[in-house]
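Presented below is the structure to which this report refers.
No lab work stands behind these numbers, since they all come straight from the coordinates. Just so you know, these numbers come straight off a predicted model, no measurement behind them. Quick reminder, even Gly has a Cβ in these numbers, built from the backbone with ideal geometry, and neighbours come from all protein chains shown.
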There are 2 protein chains.
Amino acid sequence: MAQQTNEALARLRSLVEQDLQRTNEVILEQLNSPVELITQVGDHLLNSGGKRLRPILTLVTAKLFGYQKADVHALLAAVVEFIHTATLLHDDVVDKSNTRRGQATANSVWGNKAPILVGDFLFSRSFQIMVEHGDLRVLRIVSDCCAIISEGEVMQLVASNDLATDEERYLDVIRHKTASLFASASQLGAVVADQSDEIAQRMYDYGMMLGTAYQVVDDLLDYSAETEKLGKNVGDDFQEGKITLPVIHAFRSGDAEEQAFWRRCLEDEEQDESSFDHARALIAKHGSLDYTMSQARALIVKAKAALAPLPESAERQALMDLADLSVDREY
Amino acid sequence: MAQQTNEALARLRSLVEQDLQRTNEVILEQLNSPVELITQVGDHLLNSGGKRLRPILTLVTAKLFGYQKADVHALLAAVVEFIHTATLLHDDVVDKSNTRRGQATANSVWGNKAPILVGDFLFSRSFQIMVEHGDLRVLRIVSDCCAIISEGEVMQLVASNDLATDEERYLDVIRHKTASLFASASQLGAVVADQSDEIAQRMYDYGMMLGTAYQVVDDLLDYSAETEKLGKNVGDDFQEGKITLPVIHAFRSGDAEEQAFWRRCLEDEEQDESSFDHARALIAKHGSLDYTMSQARALIVKAKAALAPLPESAERQALMDLADLSVDREY
């Protein structure tokens, strides 16, 4: 990520530093299992330098609304990170990914079996934590969110290798698979702070727009970043035939010959050494990265609009800044 | 399964026929998703002629304690079957199984991706159903059970290909991965019928013993049944290096040469065409199937003992019979 985003994140983090520390303690405690391999596999990903973006959203939102009981929102923030980690473990098996956050994925270290099962454990442990907390509103938000995420993952599976996937369908997939957890994470902060349904919905909307923009930019980076900075291989999405916004734009802007190229590469997965470079050239020719960024920026305008009616505070400002800067990651 | 078990199951089923029908309706309703592939993959396994043994335990137990609200226990029975189905979807990916219940597994039809993600969906949907129901006791039982199951699955993964796995460790694995759902399914029936903790625990114990015996016999069948009757390939466990009770007994009863054979086949997975037949011969030589059956029968004595103090009723009798006959499956 760009310097600026790191600064915005650092500012967010400093607002909830103690809560985040408590969250990390909860994560460690709750990851503990008599079955050592569970702790190992979970720890491998949970302590691999993830940004804790989603739990931070919960913590900052709770603080924004004056919530004080650090232990409770740390619990929920840990739940959010567990759910996120479970989906990553399963995602990396599904995508056969070798690298994440610049290190080997769990499936490349332990094979597919352990990450599938440890993902299941993290889901289950999340629900155990929430049951212990005992708030049915929280359980409803998270169980709904988990169902939406898995629907999104299957939607993505169906859409992959299919260039009939248009922008609306693409956005629907990423709202489900990525943005819904940003949305729920933000909403949870408002809910534990006993805010009205309207306020909780506002935070949900903020998270939804932010998360969608975040994924749009993430998908863009697969065509623009340098592998080193990305923490995974540039071109992975292309190789797997994922239909993301830069591709959708370049495909619909292209002539018959170009469309045939995209079909061959992404639908039939017939690629050679030069394919990815040619794909990047077509994306550049049609300004597809600029288009993609403009769509992400439009989402961020909406994210900030959701926060606009809230009273000014350091937390609100930090969430605004995060929205701005989440689209200014390096590409 | 043997004729007798089918009769016991038919008797159980007839006691809760309407409730079971309602459960099947709930399963159909709740499997519904705008994402067609989810419904397809879920339906493939949920309507593949499974015995609905676990949901029947919930329904019969609820009826045993005079519970009347058919819709509620049908919901919980559906949850139990969803959780079971989710674990089977993930299991079959983990074990690379091709056949279950005499038909192709979801992973052999759709590949690994969809079954992993649809399993996640079924877990999530189960929690959505329970949240809608709104009983935290139920949520606690099921979330604890799911964590225990996934711990058991990982324990099994660690124990596989490792002949240091002794009988106690083997039993611990199957209590976690299989019997805990039998236990929770039975317990749920008592809990929705507002029975005391002591009674609920009694039903939990019954389910735990029954489920453990059930898995012991299941593992035995892999060395004794005919493929056609088993609905999956005989010898699969052997091929995968799973350490089950017949093996543990034959291994500990064997001389150095025999132990070397077991190590070669199960730890190093060096097997040829004659290996499985030789394994069966060693198992026969040491009476390991008889030993395994005697252990299963001892568990069934305990299962029945848990029910003994309950007042006599058709339901109690049917649960007693089920226990007896679940060890008399064909082998």
Review point. What is the helix-to-structure angle for A:275-285, meaning the angle in degrees between its Cα long axis and the longest Cα principal axis of chain A, kept from 0 to 90 and rounded to the nearest 10?
Key: 80
Revision key, fill the gap. Rounded to 0.05, the calculated FRET efficiency for the beta carbons of A:Q18 and B:D197 at R₀ = 30 Å is 0.20
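Quick check on segment A:44-131: take the gyration tensor over C-alpha atoms, sort the square-rooted eigenvalues as a ≥ b ≥ c, and tell me if it's rounded (a/c under 1.5), prolate or oblate.
Taking the square roots of the gyration eigenvalues as a ≥ b ≥ c, segment A:44-131 is prolate.
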**Study point:** Equivalent ellipsoid semi-axes - Cα gyration tensor, segment B:1-92, angstrom
**Key:** 23, 17, 10
Practice item. Can you tell me the 0 to 90 degree angle between the C-alpha axis of helix A:113-133 and the longest principal axis of chain A, rounded to 10? Key: 30
Practice item. Place a +1 charge on the Cβ of each Lys and Arg in segment A:130-208 and a -1 charge on the Cβ of each Asp and Glu, then give the dipole magnitude about the Cα centre in debye, rounded to the nearest 20. Key: 160
Exercise for review: Please report the Cα spread of chain B along all three principal axes, rounded to whole Å, starting with the longest.
Suggested key: 60, 48, 33
Practice item. Place the label 7 angstrom along Cα→C-beta at A:G49 and in each other copy, then list the distances from the first to the rest in nm, shortest first. Key: 5.4
Point to revise | Between helix B:288-307 and chain B: long-axis angle, C-alpha atoms, 0 to 90°, nearest 10 | key: 20
Practice item. When a/c is below 1.5 the answer is rounded, else prolate if a/b is larger than b/c, else oblate, so apply that to segment B:241-311 with a ≥ b ≥ c taken from the square roots of the Cα gyration tensor eigenvalues. Key: prolate
**Study point:** Per-residue Cβ neighbour rank within 10 angstrom, fewest leading, A:H133, B:H90, A:H249
**Key:** A:H133, A:H249, B:H90
Review point. What is the gain in length, in nm to one decimal, between A:H133 and A:S253 on full extension, counting 0.36 nm per residue of separation less the C-alpha to C-alpha distance?
Key: 38.0 nm
Revision key, fill the gap. For B:E270, inter-copy label-point distances (7 Å, Cα→Cβ), nm, shortest first, read 4.5
Check your understanding: Going by how many other Cβ atoms sit within 10 Å of their own, how do A:D236, A:D222 line up, fewest first?
Key -> A:D236, A:D222
Check your understanding: Where is the GNM fluctuation largest for chain A (alpha-carbon springs, 10 angstrom cutoff): A:L139, A:L20, A:L75?
Key -> A:L139
Point to revise | Cα-only Debye scattering, the protein assembly as shown: base-10 log of I(q)/I(0) at q = 0.11 Å⁻¹ | key: -1.12
Check your understanding: So what J values fall out for segment A:84-96 if you push phi through Karplus, 6.51 cos²θ - 1.76 cosθ + 1.60 with θ = phi - 60°, rounded to Hz, Gly and Pro as x?
Key -> 4, 5, 4, 5, 5, 4, 6, 4, 5, 5, 4, 8, 6
Practice item. Treating cross-link reach as a plain straight distance, find the lysines whose alpha-carbon is under 29 Å from the alpha-carbon of A:K96, omitting any fewer than eight places away in the same chain. Key: A:K51, A:K113, A:K177, A:K229, A:K232, A:K242, B:K96, B:K113, B:K177, B:K232, B:K242
Review point. Using Cα pairs under 8 angstrom and six or more residues apart, how large is the relative contact order of segment A:1-145, in percent?
Key: 25
Review point. Roughly speaking, what is the stretch gain from A:E25 to A:S294, that is 0.36 nm per residue apart minus the C-alpha to C-alpha distance, in nm to one decimal?
Key: 92.9 nm
Review point. Relative contact order of segment B:3-317: what whole-number percent is it, with Cα pairs under 8 angstrom and at least 6 residues apart?
Key: 18
**Study point:** Per-residue Cβ neighbour rank within 10 angstrom, fewest leading, B:V216, A:V109, A:V94
**Key:** A:V109, A:V94, B:V216
Check your understanding: At what distance in angstrom do the alpha carbon centres of segment B:148-168 and segment B:24-83 lie from each other?
Key -> 29
Revision key, fill the gap. Inter-chain shielding metric for B:277-289, i.e. average beta-carbon neighbours from other chains within 10 angstrom, reads 0
